[in-house]
Amino acid sequence: MKVTDHIKKANGNTLFSFEIIPPVKGRSIQELYNNIDPLMEFEPPFIDVTTSREEYVYIDRDGLLDKKLTRMRPGTVGICASIKHKYDVDTVPHVLCGGFTKEETEYLLVDCHYLGIDNVMALRGDAMKEEKYFEPTKGGHPYAIDLIRQIQNLNCGEYLHEVVETDHCADFCIGAAGYPEKHLEAPSLKTDLKRLKEKVDAGADYVVTQMFFDNKKYFEFVKQARAIGIDVPIIPGIKPIAVKRHLQLLPPIFRIDLPQDLIDAVEVCKDNKAVRIVGIEWAIEQSKELKAAGVPVLHYYSMGKSDNIKAIAEAVF
């Protein structure tokens, strides 16, 4: 079932969903199941599975370093299929521009179609670690809107290289990313909202936001989005603070501000166990306010650990 259909079926009730990352290659998928199991009691209608782009590794060969390109966390589509089969829940694979050619993207989407995966999240992706700015993959898309257009073309039966199969159309529900505090490369929030409107006009069916820690920024973002004609569901993304280093790591990586009250509460913590409690309590209050405001879904960035997400969900749902 499509994400948008789940939202309609909920009749105004706020749904619970979360996002996971594939294990490093060679690790067991059971580790993933162990973190998903405790969250299934909250009946998520869908689970997102991220995609990691390629990265360089250096292999020592007789004293010389050999530079190789690899993917440390492959298997997004396979994991989506496994989760869908094991838990009977819809899954949302993240599809990236970075690291994929248009042909590779088409193959991935065809696999999703074969597997009965109805939803995809279309993202540009980040720059490689060696790049200061995002560089498009040769033969790939430079922007998320181009990826959305390719997916929408498949929904109309239009494949690459002028192949048209109107009797065998896909029917993907397309998610896009939104940034309440603007994308790190956007010159202004107003410009960023214009780009989001273009993605919706190109075929995006719903939006999931970047993490934020001040609900006022989400509410203002939605208000401005509605004012320019963005009428699709806008799902807030929530990430609980878990370690003290998040105070230094999250703002520069994601270009977000942390509320001073949250900073003060974390700074007085003696250890990360105490920080984790603060993060849970802050996310609970965030979630309760957002739920009271009638958001369609509360989407949590669990990223491989579920104990804090479970504690939040127990208090909110």
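The values are calculated or read from the model by the stated rules, or taken from the named source; none is laboratory data. All values reported here derive from a predicted model rather than from experimental measurement. Every residue, glycine among them, receives a Cβ derived from its backbone with ideal geometry; neighbour counts consider all protein chains shown.
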- Checking residue 97 against (1) at pLDDT 95 or above; (2) in contact with a Pro (Cβ under 9 Å, 6 or more places away or on another chain); (3) surrounded by fewer than 20 Cβ atoms within 10 Å (Cβ to Cβ), which single condition isn't satisfied? (3)
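Could you list, in sequence order, all residues of segment 255-274 that are farther than 30 Å from residue 12 by Cβ and in contact (Cβ under 8 Å) with a residue 40 or more places away in the chain?
255, 257, 258
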- Identify, from the list 162, 135, 185, the residue that is touching a residue at least 40 places away in the same chain (Cβ under 8 Å) and among the charged types (D, E, K, R). 185
- Residue that is surrounded by the most Cβ atoms within 10 Å (Cβ to Cβ) [pool: residues in segment 264-314 that are among the small types (Gly, Ala, Ser) and over 19 Å from residue 250 (Cα atoms)]: 287
- Item | Out of 108, 115, sole residue that is more than 20 Å from the chain's Cα centre (by Cα) and surrounded by fewer than 20 Cβ atoms within 10 Å (Cβ to Cβ) | 115
- Task: Go through the residues of segment 240-253 one by one and say whether even a single one is closer than 26 Å to residue 194 by Cα and in contact (Cβ under 8 Å) with a residue 12 or more places away in the chain.
- Result: yes
- Of the residues in segment 1-38 that are touching a Lys or Arg at 6+ places or on another chain (Cβ under 6 Å) and closer than 19 Å to residue 313 by Cβ, the one that is surrounded by the most Cβ atoms within 10 Å (Cβ to Cβ) is 14
- Task: State yes or no: is residue 127 touching a Gly at 6+ places or on another chain (Cβ under 9 Å) and surrounded by 15 or more Cβ atoms within 10 Å (Cβ to Cβ)?
- Result: no
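Residue by residue, here is whether (1) over 24 Å from residue 141 (Cβ atoms); (2) within 17 Å of the chain's Cα centre (by Cα) holds:
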{"position": "200", "(1), (2)": "no, yes"}
{"position": "210", "(1), (2)": "no, yes"}
{"position": "216", "(1), (2)": "yes, no"}
{"position": "219", "(1), (2)": "yes, no"}
{"position": "227", "(1), (2)": "yes, no"}
{"position": "230", "(1), (2)": "no, no"}
- Item | Of all residues making up segment 1-17, the number that are part of a strand (DSSP E or B) and acidic (Asp, Glu) | 0
- Query: So, of the residues in segment 18-53 that are in a loop (DSSP other than H, G, I, E, B) and within 12 Å of the chain's Cα centre (by Cα), which turns out to be nearest to residue 7 (Cα to Cα)?
  - Reply: 50
- Task: List every residue pair whose Cβ atoms sit under 8 Å apart, with the two residues 6 or more apart in sequence or on different chains, where the first one lies in segment 209-234 and is within 11 Å of residue 197 (Cα to Cα) and the second, anywhere, is aromatic (Phe, Trp, Tyr).
- Result: 232/206
